[in-house]
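Below is one structure, written out as structure tokens; comments come after it.
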Amino acid sequence: MRSDHTAAMHDDQREHLARDAVHGTPANNAALPGRGGLSRIVSAALNSARGLRVGLVTEAAIKQEIAIAVILLPASFFVATNVWVWLALVASVLFVLVVEFLNTAVERLCNHVTPEHHEAIRVTKDLSSTAVFFALFLAGLVWLIAVLDRFGLIG
């Protein structure tokens, strides 16, 4: 059951959102050209660059996976036998990076919520780590099949 204070706070938020929708505030029109769209995209790109830099400076797994990507992405041009194989190779490498950055974000959030050992936090971290494992497994499988295909050992 909500307290009167909580109910009033939610009513105030609803009124504020309704006013914004009626008056067309910049937040409501952020995706429209000239209304924050381009600046929002630039801001998002800067946030992404900052996240990449923080990951590279602070996370060993991200450093290792970026180093591997720097090797594999150019190698993909030599391994791929057609554009679809090339796309699968590149996508598998980028997918590993996506999952690793999400795993890092989950781990950092968990550490922020409760820095001391907590069983539920351990399980949460283990689950996100498992996602990285499967992303790596998938990438390895894609690359293995592409290399075997390139050298005529399958297909």
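The values are calculated or read from the model by the stated rules, or taken from the named source; none is laboratory data. Source: prediction; values computed, not measured. Quick reminder, even Gly has a Cβ in these numbers, built from the backbone with ideal geometry, and neighbours come from all protein chains shown.
The table below gives the values:
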item: Test: residue in the stretch 82-102 that is more than 21 Å from residue 64 (Cα to Cα), among the β-branched types (Val, Ile, Thr), assigned to a helix (DSSP H, G or I) and in contact (Cβ under 8 Å) with a residue 40 or more places away in the chain; result: yes
item: Some residue of the stretch 118-126 being at pLDDT 95 or above, farther than 30 Å from residue 153 by Cβ, part of a helix (DSSP H, G or I) and in contact with a Ser or Thr (Cβ under 8 Å, 6 or more places away or on another chain); result: yes
item: Checking residue 131 against (1) closer than 22 Å to residue 81 by Cα; (2) surrounded by 12 or more Cβ atoms within 10 Å (Cβ to Cβ), the condition it does not meet; result: (1)
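Residue by residue, here is whether (1) over 27 Å from residue 54 (Cα atoms); (2) within 20 Å of the chain's Cα centre (by Cα) holds:
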site: 109; (1), (2): no, yes
site: 116; (1), (2): no, no
site: 125; (1), (2): no, yes
site: 132; (1), (2): no, yes
site: 140; (1), (2): no, yes
site: 146; (1), (2): yes, no
site: 153; (1), (2): yes, no
